[in-house]
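The values are calculated or read from the model by the stated rules, or taken from the named source; none is laboratory data. Not measured: the values here are computed from a predicted model. Cβ: placed from backbone, ideal geometry, glycine included. Neighbour counts: every protein chain shown. Heads up: the accessible areas ignore ligands, DNA and RNA and are worked out on the full protein's heavy atoms, side chains in. Shrake-Rupley method; radii C 1.70, N 1.55, O 1.52, S 1.80 Å.
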Amino acid sequence: MTDFADASHTTVTLARVRLGAGGPLVAVRVADGGVTHVVPEHEAGAGAVPVAGERVLDLAGRVLLPGLWDAHVHLAEWASARRRLDLAGTASAREVADRVREHGRGASGATVLFGYGFRDGLWADAPHKRLLDAVLPDRPVALVSADLHAVWLNSAGLALAGRGDHPTGLVREREGHEVLSALPEASAEEVDDWVADACRAAAARGVTGVIDFQFGDTVAAWERRSAVAPPAVRVAAAVYPDHLDAAIARGLRTGSEIGLRGGGPVRVGPLKLFTDGSLNTRTALCRDPYPGLEGTDGAHGLEQTPPHELVRLMRRAAAEGIEPAVHAIGDHANTVALDAFEAVRCRGRIEHAQLLSPEDLPRFAELGVTAGVQPRHATDDRDVADRYWAGRTGRAFAYADLLAAGARLEFGSDAPVSPLDPWLAVASAVGRTDDGRPAWHPEQCLPVRDALAAAARGRRLVRVGDPADLVVVDTDPLAADPDTLRTMPVHATMTDGRWTHGPY
């Protein structure tokens, strides 16, 4: 494989390759970072577009797809989570404490033990600092929930973060992000190395681009990284409200190139805003109260940004060319977000769109708002949704209904909430199950071709004039069984005319 950081554009003909899932054999020529020819194989002579001096690769009937995107990741969190104590699948707070005891055995001192991946929505016992204090009293512990909306700490961790008086040690939403930012972790140089490695791993799964919603000054982080070497994938770096004024002062807009030599594959992304929390923490803002919370202040979830402030921020950003991306999970939160788009009349995205009122479905298309969705969440959270959104799950993760209403879907992982692997999203969208149970609300299953398009930001076929962001797979997705679709063998990946994965 060519070193992406140092490579020039490849000039190559991809011969005997199938044009899309179930497609015909063609020859595709790539030059100067773009697709210049797509020729039926029987018209390509010996299997190559006749241009002198270029390399011809015989792909032996493999399938050529547009490069895949992960349209919602937290890259530094994902890169770090790959090295943290894995808490996925834990069934109780006690089981988490047992894993912490085993992992931290024999260790002490100020080094924080980070863990990631617990889901407490269905636990019979509650996370509490006392449980962690009992198994690891002398070393700070900080455990991040799978949805990134809560942090569970022991007393030593709370003291280190300046929250020593917190009553339970389970810190949610904005305060949780503040706690994490106050804890010492790896150096910026280490994290940058981890992120570069995560980008290479993403390329190996056919990813050619991501929208990075990492919390903090994401633009500055990517300017630093791209000054060293461009990443193996295209990056759109989100802006958060605390950094909006600085971005505007610099004249940055969504799509602006940043970093060394114009940034190469790194550009400014959208402005990230929040309307609510998450399902697992019961902070997603819903019209109906959560079972067991009726009559309490948080019965309907959490309003993160008041509607008037949401409109103000969106209007200010849009006037300067920065498109908003609004986090909305509950049905009321999605209505608030769509109302704000209607008031501002700008392009943008709603991230997650997990629970929708029927009357809001057509508004995505009417307002030109992209639904950035994460199909793996539907399969991961089906049991939690069945409990807390009982009677409403027919309109939860309603991807088929959104498509039928004309909405544009773009798939993401929300990594580290689910792994950065677009094939998991495609398989979950197509099958609505990932554990052997029957499909959950099969009426919302998507056809393979529609799922692939949503994983490629709407691109369905490789066409002349496209950027040379391509993925070659060994198995036709239309013929793949669910397990093969989920673990799709990726032969090679090309971004901007450069090989980022594969044997070339």
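What the table below lists for this structure:
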{"item": "Which listed residue, of 324, 362, is over 15 Å from the mean Cα position of the chain (by Cα) and open to solvent by less than 10 Å² (accessible area, probe 1.4 Å)", "result": "324"}
{"item": "Residue within segment 493-500 that is without any contact (Cβ under 8 Å) to a residue 40 or more places away in the chain and either touching a helix residue (DSSP H, G or I) at 6+ places or on another chain (Cβ under 8 Å) or part of a helix (DSSP H, G or I) (or both) present", "result": "no"}
{"item": "Which numbered condition residue 395 fails, given (1) in contact with a Leu (Cβ under 6 Å, 6 or more places away or on another chain); (2) surrounded by 21 or more Cβ atoms within 10 Å (Cβ to Cβ)", "result": "(2)"}
{"item": "Those residues of segment 390-422 which are out of contact with any helix residue (DSSP H, G or I) (no Cβ under 9 Å at 6 or more places or on another chain) and on the phi < 0 side of the Ramachandran plot, in sequence order", "result": "390"}
{"item": "Residue match in segment 398-418 (condition: assigned to a loop (DSSP other than H, G, I, E, B), farther than 19 Å from residue 207 by Cα, open to solvent by less than 10 Å² (accessible area, probe 1.4 Å) and among the aromatic types (Phe, Trp, Tyr))", "result": "no"}
{"item": "Residue match in segment 101-113 (condition: crowded, with 21+ Cβ neighbours inside 10 Å, assigned to a helix (DSSP H, G or I) and either out of contact with any Leu (no Cβ under 7 Å at 6 or more places or on another chain) or not charged (D, E, K, R) (or both))", "result": "no"}
{"item": "Test result for residue 201, within 21 Å of residue 66 (Cβ to Cβ) and in contact with a Lys or Arg (Cβ under 9 Å, 6 or more places away or on another chain)", "result": "yes"}
{"item": "Unmet criterion (only one of (1) under 18 Å from residue 351 (Cβ atoms); (2) surrounded by fewer than 17 Cβ atoms within 10 Å (Cβ to Cβ); (3) among the hydrophobic types (A, V, I, L, M, F, W, C)) for residue 229", "result": "(1)"}
{"item": "Subset of segment 88-130 [among the aliphatic types (A, V, I, L, M), in contact with a strand residue (DSSP E or B) (Cβ under 6 Å, 6 or more places away or on another chain) and at pLDDT below 95]", "result": "88, 112, 113"}
{"item": "Of the criteria (1) under 29 Å from residue 329 (Cα atoms); (2) under 21 Å from the mean Cα position of the chain (by Cα); (3) surrounded by fewer than 22 Cβ atoms within 10 Å (Cβ to Cβ), which one residue 253 fails", "result": "(2)"}
{"item": "Any hit, segment 457-468, residues being more than 21 Å from residue 40 (Cβ to Cβ) and touching a Ser or Thr at 6+ places or on another chain (Cβ under 7 Å)", "result": "no"}
{"item": "So residue 436, is it without any contact (Cβ under 8 Å) to a residue 24 or more places away in the chain, more than 18 Å from residue 204 (Cβ to Cβ), in a loop (DSSP other than H, G, I, E, B) and open to solvent by 10 Å² or more (accessible area, probe 1.4 Å)", "result": "yes"}
{"item": "Residue match in segment 370-386 (condition: assigned to a loop (DSSP other than H, G, I, E, B) and either over 21 Å from the mean Cα position of the chain (by Cα) or small (Gly, Ala, Ser) (or both))", "result": "no"}
{"item": "Top-ranked residue in segment 294-315 [being in a loop (DSSP other than H, G, I, E, B) and open to solvent by 80 Å² or more (accessible area, probe 1.4 Å); ranked as nearest to residue 332 (Cα to Cα)]", "result": "303"}
{"item": "Members of segment 232-255 that are out of contact with any strand residue (DSSP E or B) (no Cβ under 7 Å at 6 or more places or on another chain), of a type outside the set (Val, Ile, Thr) and over 23 Å from residue 181 (Cα atoms)", "result": "249, 250, 251"}
{"item": "Helices (runs of 4 or more DSSP H) wholly inside segment 149-262 containing at least 1 residues that are over 30 Å from residue 498 (Cβ atoms) and in contact (Cβ under 8 Å) with a residue 24 or more places away in the chain", "result": "155-160, 173-182, 244-249"}
{"item": "Hits in segment 387-397 - residues which are in a loop (DSSP other than H, G, I, E, B) and among the charged types (D, E, K, R)", "result": "392"}
{"item": "Output for segment 445-492, where each listed residue is of a type in the set (Ser, Thr, Tyr) and either without any contact (Cβ under 8 Å) to a residue 60 or more places away in the chain or open to solvent by less than 10 Å² (accessible area, probe 1.4 Å) (or both)", "result": "484"}
{"item": "Options 309, 320, 257, 342: the member that is over 30 Å from residue 379 (Cβ atoms) and at pLDDT below 95", "result": "257"}
{"item": "Index of the failed condition, residue 330 passing every other in (1) in contact (Cβ under 8 Å) with a residue 24 or more places away in the chain; (2) in contact with a Cys (Cβ under 9 Å, 6 or more places away or on another chain); (3) under 18 Å from residue 240 (Cα atoms)", "result": "(3)"}
{"item": "Residue in segment 122-140 that is in a loop (DSSP other than H, G, I, E, B), under 20 Å from the mean Cα position of the chain (by Cα), touching a residue at least 12 places away in the same chain (Cβ under 8 Å) and closer than 30 Å to residue 454 by Cβ present", "result": "no"}
